[in-house]
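One structure is given below, encoded as structure tokens.
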Amino acid sequence: MRAVLLGPPGAGKGTQAVRLVEQYNVPQISTGDIFRRNIKEGTELGKKAQEYMNAGQLVPDELVVDLVKDRLMQDDCKNGYLLDGFPRTIYQAVGYDTLIERLTGRRVCKACGAGYHIKNMPPKVEGVCDKCGSELEQRKDDTKETAVNRISVYEESTAPLIDYYTGTGALRNFNAEKDPDELLKEIVAELGA
Ligand code: AMP
């Protein structure tokens, strides 16, 4: 179960949250609680959040989204979670959806292995490979259940390679948000013909 509790202060979100996490056996992720804990422990995050909280303002979006991403990558979120107090702005909602969608929208061709994305790079005919006409499938590990966990594995085991290759001088950085054909040109320009 993955759900967001949305409602004005005092609507009874907390009351339902307690019941829902018990019913579904998933953690309750309250950004307010996480901030309060960080303030108590005197962490950097707590220091940054405190002034906003004291003024009754929202903590800046980037800070909140990063915090939630980190939290969702922890092991106990593998089978779901209940978000309480997040997202609170459109920016936060989009940040959260993008994280999940990028991974769960991928499709591959059963026959030739060509890759697609249902939103960013859809095939001409839904579910059918442009290149060979075979059926597209979702990789078994591209479901929501495993997406969050795979990001955590990446962070832990693979992201350190960025430092490693920076050290050897072999690293080149590219912006993967670009149009794929544009990006290809940049990569080819960097690699040489
Ligand atoms: P809450 O306990 O959910 O009412 O949150 C208490 C305070 O923490 C809020 O008034 C905000 O200052 C901050 N906060 C909690 N969640 C968020 C969020 N998703 N975005 C921005 N600020 C938040």
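A few notes on this one:
- Cα centroid separation - the range 113-136 against the range 161-193, whole Å: 25
- Of the residues 159, 147, 108, the one whose Cα sits farthest toward the positive end of the charge dipole of the range 92-159, with +1 on the Cβ of Lys and Arg and -1 on the Cβ of Asp and Glu, is 108.
- Each Lys and Arg adds +1 at its Cβ and each Asp and Glu adds -1 at its Cβ; summed about the Cα centre, the range 20-131 shows a dipole of about 460 debye.
- Of all segments of the chain bounded by trypsin sites (Lys or Arg not before Pro) found in a DSSP loop with no more than 13 other C-beta atoms within 10 Å, the longest spans 1-109.
- Between the helical axis of 90-104 and the longest alpha-carbon principal axis of the chain there is an angle of about 40 degrees.
- Helix 180-191 vs. the chain, principal-axis angle (Cα, 0 to 90°, nearest 10): 70
- The range 45-193: relative contact order in percent, alpha carbon pairs under 8 Å with at least 6 residues between: 18
- Charge-dipole axis of the chain as Lys and Arg at +1 and Asp and Glu at -1 on Cβ define it, positive-most pick from 77, 90, 16: 16
- Between the helical axis of 31-41 and the longest alpha-carbon principal axis of the chain there is an angle of about 70 degrees.
- Sorted fewest first by neighbouring Cβ atoms within 10 angstrom, 104, 158 come out as 158, 104.
- Residue-averaged 222 nm ellipticity for the chain, from DSSP H runs of 4+ at -39500 (n - 2.57), nearest 500: -14500 deg cm²/dmol
- Here the chain is assigned +1 on the Cβ of each Lys and Arg and -1 on the Cβ of each Asp and Glu. Its dipole about the Cα centre then comes out at about 440 debye.
- Cα centre as origin, Lys/Arg/Asp/Glu Cβ charges: the range 125-183 dipole, Debye: 220
- For the chain, built as a Gaussian network whose Cα springs stay under 10 Å, the top-fluctuating residue of 32, 115, 42: 42
Taken together, the values in this text are just the output of simple stated rules run on the coordinates, not laboratory data. Quantities reported herein were computed from a predicted structural model and do not represent experimental measurements. Note that we place each Cβ from the backbone using ideal geometry, even for glycine, and neighbour counts take in every protein chain shown.
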